[in-house]
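Have a look at the structure below before the remarks.
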Amino acid sequence: MEQFPILSLPPEVQGLVVKRVAHNSFEDLFRLRVTCKAMRSLADDEDVYSSFDLFKYLWRLNGFRLRYLLRRCYAQGNPSTLYIKGVEYFYRRNMYVEGLDLMKRAADAGFERASYTYAMTSKLWDDDGDHFRGFSRDYVAKIGLLVRSSAGLWNWDHNDYFHIRRHVFISTVAPIFYSCPCSPLLEGHWAL
């Protein structure tokens, strides 16, 4: 197979390739980074850290490298970092306004998990159902499966407010907010 020299591409296209590699795999980004000085400078670009998905990162790396990565991604406005920090602030530190603001910023950036969590948290926090209008049934089913498959997530020491209303997040038949009259998602009713 003939190799394609990426350095022969225009710099803008090289940057897009590196961003896509960073979005797909952290290991591939570091492999690309060590190939040459030009790739290292492209991999250290701000746009790469803003497009990086932390949920594809191996969290077994500890210490300075992990803290550096999280700080750098947060400084660049990375949606997955904003989401993680928002959930931590809201549910672990009881900093409700700051946490909700960070989750909203991540949701506005198009991060799916943040959209769902922000909508559910807003529903829990101020009983506002307007955030559900953009969700299709398939989307809610996909995110619900993702939430239920997160094995260790529900064993954290969340605040009491979360534990009292935990059932809203993980209803096994249909999310409880479907029975809300403010939800325009259903043509017919699901049996709960």
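The values are calculated or read from the model by the stated rules, or taken from the named source; none is laboratory data. If you're wondering where the values come from, they're calculated on a predicted model, not measured in any experiment. Every residue, glycine among them, receives a Cβ derived from its backbone with ideal geometry; neighbour counts consider all protein chains shown.
List every residue pair whose Cβ atoms lie under 8 Å apart, where the two residues are 6 or more positions apart in sequence or sit on different chains, the first residue falls within segment 36-55 and is of a type in the set (Lys, Arg), and the second residue, located anywhere, is not in a helix (DSSP H, G or I).
Note: pairs meeting the criteria are Arg40/Val34.
How many residues, within segment 85-102, are within 15 Å of Phe55 (Cβ to Cβ) and in contact (Cβ under 8 Å) with a residue 12 or more places away in the chain?
Selection size over segment 85-102: 3.
Every residue in segment 103-122 that is within 20 Å of Lys56 (Cα to Cα), hydrophobic (A, V, I, L, M, F, W, C) and buried (at least 18 other Cβ atoms within 10 Å of the Cβ), please.
Met103, Ala106, Ala107, Phe111, Ala114
Going through Asp128, Asp101 one at a time, which residue ends up being among the acidic types (Asp, Glu), modelled with pLDDT under 80 and not assigned by TED's automatic domain parsing to the domain that holds His23?
On the way: Asp101 fails: modelled with pLDDT under 80.
Step by step, each of Asp128, Asp101 is checked, and only Asp128 is among the acidic types (Asp, Glu), modelled with pLDDT under 80 and not assigned by TED's automatic domain parsing to the domain that holds His23.
Would you mind listing the helices (runs of 4 or more DSSP H) fully within segment 26-126 where at least 2 residues are among the β-branched types (Val, Ile, Thr) and farther than 30 Å from Ser8 by Cα?
79-87, 112-126
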